[in-house]
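Inspection log for the structure reproduced underneath, given as structure tokens.
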Amino acid sequence: MPQRGDHSPPLAPEGLVRRVWRSVFPHPVLPRSERERRRTILEFFVLHLRPVRVLRSTLRYTHTFGLGGSSLTLVALMVGTGALLMLAYEPTPDRAYLSVVALERDTLFGGLVRNIHHWCANILVVVVLAHLLRVLFTGGFHGPRQFNWVIGCGLLGLVLAANFTGYLLPWDQLAYWAVTICTGMLGYVPWIGGWLQAVARGGPEIGASTLVLFYAFHTTLLPVLLGLVMGLHFWRVRKAGGVVDPRPSGEPPESEPQHVSTLPELLLRELAAALALVAVVCVLAALVDAPLGAAANPGMSPNPSKAPWYFVGFQELQLHFHPLFAVVVIPVAAVLALLAVPYLRYEPEMSGPWFLSARGRRSAALAAAAGAAATAVLVVVDGLLLQSRAGTPGLIGRGLLPAAGFLVAVTGFRRLLAARLGAVKAEIVQATFVLCFAVWAMLTVVGVFFRGPGMALAWPWG
Amino acid sequence: MSESIQESSRRSFLGRLWLVLGGVALAEAVWIVVAFFQPRRRSGARDAETIYVAGPVERFEPGTVTPFPDGRFYLTRLADGGFLALNRECTHLGCTVPWVAAEGRFVCPCHASSFDMRGEVLGPPAPRPLDHFPVRIENRIVKVVLGSPIRRRVVADSQVTRA
Ligand code: HEM
Ligand code: HEM
Ligand code: FES
């Protein structure tokens, strides 16, 4: 065995199989020593995106709950099942629905693969959002991790786009009208709305060219982008020396920080978490079928017609705000605020334990309760007022005034946290984020469960 | 000395030229991509103006609304005998609005906008009346010109065609 260097010629002649093997894997595949592990990580393309060594303290499952790794696992499952679905799926309006029906009926495991794709897609949104919250709550976006938060936001956008474009593909009533409504919202963007809507639909109305456009995005453009950006995301985690240390940032550094090798310590844990997740998804897919409505019928909108659940909060906004605010002002402000999180001035920067501190935990809980409760009350009040009022919504009454009211309320809440709990900037930003998140979550819950025919407020069981 | 200055300015000129050419190439590539994203004009038959023959004037009672699913519009005959062809797409977000004869109005199933038989908004969130198509009456036959639907801010008598 050669000991020095990687590329030194073998001392003794080797068999063909062994030479080919070594040309493919110049590094040890099952490394035994610390040195060999290092080389494997550095030289194996996929692994070199990961840190070589990580802090032992970051390994604890409850620090990250493995949410980033779980997102990756789900994306991998989606690519695998998606490629299989492509073999059966025909992207034209007259064939799409029938091909999905035929897939479920005639192909062995066709239904199962579609179910896995469907459930992965939905779980992925939940897991990515949970990952975002984890990063927020542990303050994992300071210093060298600032830009990785922005990259993460890009990943969130790509995941939502993949979900949205996939949603249309079965071409059933659910898909057709959800996409009609969502692309209809684009029409309210000032000046370029009409053009934007036509671009998103590939033509003046939803039809064959919309399907081709969505299919191309869903099966090629978005997965490729997702793969590239994920690679960048992981590389940045490596460059920051692994994930943020769970110990409070104020504490003096350990005299000798304990590092462990990523292989096997981190990778084996991640593998175990990934396998558990795959098992959960498979069981779910075996037990619960992905929904498939009646074939799309452009002449008949089902009542109620709702967007997919992750856009329902957005749709709910439409019912309460002037379209200019619901479609442009509020979403743009939300995205800008999300991107700004790592670039605000924090003194001191806090990171490490979940919710940053005991005070951070209390203010976050308060914010969640306040946001959810206030939203629920306002939705009901607005619903009752609206039913007795007629006329088109005004830009001031249904735009400027409520938006200004919201800003005043949030500012008041932040003051309160600082005065009553003595919260510092990092904790206040965290609480503000939680407040907004709770508002969005409540809007989603209302839209999904409490909206009946004609989008009137209704009990889920009534 | 002067030679080297000339040399360096020539270099920086060439460098800048490359930059400009690169910019031009980039702009061309962007243009090509945008061209592919432009909405396809011929995707729906709706774009070309087609004349839809709805039928003889007498077929439509005054004060009724008749759906034409294959033409994707409603033909309204007002009480005074005038005709209006209404696009069936809700002006809020594009759901298809059914005519609820019992209530005498269009009610959108998606967010509950309602419109009267002339397309006027009765209830929000729809921001403007239903779009319409030009109607022609030739030899007492009602014909609807289907193309891009006409947007309107208000319902006006000038939009009504009379025999
Ligand atoms: C993050 C990645 C992805 C997400 C979030 C996603 C999401 C979705 C969703 C929500 C659907 C609708 C399924 C349903 O009826 O419930 C769908 C369908 C589909 N997807 Fe994906 N997908 C992803 C990646 C892929 C990839 C990489 C491919 C192909 C290479 C693919 C191919 C398909 C096909 C052919 C369908 C139509 C079949 C059907 O509706 O069941 N997907 N996808
Ligand atoms: C497809 C989506 C995503 C994947 C596959 C992914 C994957 C990962 C992985 C594997 C890590 C390493 C630690 C961990 O498991 O938590 C990580 C860390 C990180 N992620 Fe993501 N992520 C995604 C989306 C996001 C989003 C939406 C954000 C935020 C907006 C984000 C921001 C970050 C940041 C800032 C870190 C570093 C955190 C730290 O050092 O503690 N990521 N991501
Ligand atoms: S689409 Fe008709 S009310 Fe929203």
Original post:
For A:I428, B:I32, what's the largest-to-smallest order of accessible area, 1.4 Å probe?
Top reply: B:I32, A:I428
Original post:
Using the Cα atoms as the points, what is the convex hull volume per residue of chain A in Å³?
Top reply: 186 Å³
Subject >> Distance in nm between pseudo-label sites at A:A272 and A:Q146 (7 Å out along the Cβ direction from Cα) >> reply: 3.7 nm
**OP:** Please give the average number of partner chain Cβ atoms lying within 10 Å of the Cβ of each residue in B:86-99, rounded to a whole number.
**Re:** 5
Subject >> Kirkwood Rh in Å, taken over all unlike Cα pairs in the stretch A:395-462 >> reply: 14.2 Å
Original post:
Measuring from label point to label point, each 7 Å out along Cα→Cβ, what is the A:R95 to A:L30 span in nm?
Top reply: 4.7 nm
**OP:** Could you work out, residue by residue across A:199-206, how many beta carbons of other chains sit within 10 Å of that residue's beta carbon, and then give the average as an integer?
**Re:** 6
Subject >> Relative contact order [Cα under 8 Å, 6+ residues apart], chain B, whole percent >> reply: 20 percent
Original post:
R0 = 22 Å: FRET efficiency of B:W31 with A:L228, Cβ-based, nearest 0.05?
Top reply: 0.40
Original post:
So who's got an amide H within less than 5 Å of the one on B:L122, skipping anything under 5 residues away but keeping other chains? H placed 1.01 Å off N, in plane.
Top reply: B:S114, B:F115, B:D116
Original post:
Does anyone have the angle between helix B:2-37 and the longest principal axis of chain B? Alpha-carbon axes, 0 to 90°, nearest 10?
Top reply: 20 degrees
Original post:
Once Lys and Arg get +1 and Asp and Glu get -1 on their Cβ, which of A:S33, A:G422, A:V150 lies farthest toward the positive end of the dipole of the protein assembly as shown?
Top reply: A:S33
**OP:** Could you tell me what percent of the accessible area of the stretch A:270-344 is made up of carbon and sulfur, with a 1.4 Å probe and every protein chain present?
**Re:** 80 percent
**OP:** Work out the length of the dipole vector of the stretch A:1-149 about its Cα centre, built from +1 on the beta-carbon of each Lys and Arg and -1 on the beta-carbon of each Asp and Glu, and round it to the nearest 20 debye.
**Re:** 900 debye
**OP:** Could you work out the Kirkwood radius for chain B, taking every pair of different alpha carbons, averaging 1/r and inverting it, reported in Å?
**Re:** 19.3 Å
Original post:
What longest range of chain A stays clear of loop-exposed chymotrypsin sites (Phe, Trp or Tyr not before Pro) (DSSP non-H/G/I/E/B, at most 11 other C-beta within 10 angstrom)?
Top reply: A:192-460
Original post:
Of A:A83, A:T444, A:S70, which is farthest along the charge dipole of the protein assembly as shown in the positive direction, counting Lys and Arg as +1 and Asp and Glu as -1 at C-beta?
Top reply: A:S70
Original post:
How much area per residue is accessible in chain B when the probe is 1.4 Å and only protein heavy atoms are counted (Å²)?
Top reply: 58 Å²
**OP:** State, to one decimal in nm, how far the label point of B:L17 lies from the label point of B:V145, with both points 7 Å from Cα in the Cβ direction.
**Re:** 5.6 nm
Original post:
Per 10 Å bin, what percent of the C-alpha pairs of the stretch A:247-339 does each bin hold, from zero upward?
Top reply: 11, 18, 19, 26, 18, 7, 2, 0
Subject >> Percentage of interatomic Cα-Cα distances in the stretch A:148-289 larger than 24 Å >> reply: 56 percent
**OP:** Give the carbon-plus-sulfur fraction of the accessible surface of the stretch B:49-163 in %, rounded to a whole number; probe 1.4 Å, heavy atoms of protein chains only.
**Re:** 51 percent
Original post:
Once you list every other residue whose beta carbon is under 15 Å from the beta carbon of A:V281, what net charge do they have if Lys and Arg are +1 and Asp and Glu are -1?
Top reply: 0
Original post:
To the nearest 20 debye, what is the magnitude of the charge dipole of the protein assembly as shown about its Cα centre, counting +1 on the Cβ of each Lys and Arg and -1 on the Cβ of each Asp and Glu?
Top reply: 1140 debye
Subject >> Surrounding net charge for A:F164, when Lys and Arg each add one and Asp and Glu each subtract one, Cβ distance under 14 Å >> reply: +2
**OP:** Report the local net charge at B:V154: Lys and Arg +1, Asp and Glu -1, summed over other residues whose C-beta lies under 15 Å from its C-beta.
**Re:** +1
**OP:** Within 10 Å, count the other beta carbons around each residue, average over each peptide in B:77-90, B:54-67, A:22-35, and list them highest first.
**Re:** B:77-90, B:54-67, A:22-35
Original post:
P(r) for the stretch A:19-153: what percent of alpha-carbon pairs falls in each 5 Å bin, starting at zero?
Top reply: 2, 8, 12, 13, 13, 12, 13, 12, 9, 5, 2, 0
**OP:** Give me the accessible area buried between chains B and A, both sides summed, with a 1.4 Å probe, in Å² rounded to the nearest 100.
**Re:** 2300 Å²
Original post:
For B:L78 and B:R153, FRET efficiency with R0 = 25 Å and r from the beta-carbon atoms, rounded to 0.05?
Top reply: 0.80
Original post:
Per q in 0.11, 0.12, 0.20 1/Å, what log10 I(q)/I(0) does a Debye calculation on the alpha-carbon atoms of the stretch A:308-462 return?
Top reply: -0.49, -0.58, -1.32
Original post:
Per 10 Å bin, what percent of the C-alpha pairs of the stretch A:165-222 does each bin hold, from zero upward?
Top reply: 25, 55, 19, 1
Original post:
Normalised by the number of residues in chain A, what is the relative contact order in percent for Cα pairs under 8 Å and 6+ residues apart?
Top reply: 21 percent
Subject >> R0 of 60 Å, Cβ-Cβ distance A:T62-A:M300: FRET efficiency to nearest 0.05 >> reply: 0.75
**OP:** May I ask you to derive the relative contact order of the stretch A:308-462, considering only C-alpha pairs under 8 Å and at least 6 residues apart, and to give it as an integer percent?
**Re:** 43 percent
Original post:
What helices in chain A pass both tests, a Cα length along the helix axis of 27 Å or more and a mean Kyte hydropathy of 0.0 or higher, using whole DSSP H runs?
Top reply: A:67-88, A:110-137, A:146-168, A:267-287, A:358-388, A:425-449
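The values are calculated or read from the model by the stated rules, or taken from the named source; none is laboratory data. Values in this document were obtained by computation on a predicted structure and should not be read as measured data. Virtual Cβ from ideal backbone geometry, glycine too; neighbours counted across all protein chains shown. Surface accessibility is based on the protein's heavy atoms, side chains included, excluding ligands, DNA and RNA. Shrake-Rupley method; radii C 1.70, N 1.55, O 1.52, S 1.80 Å.
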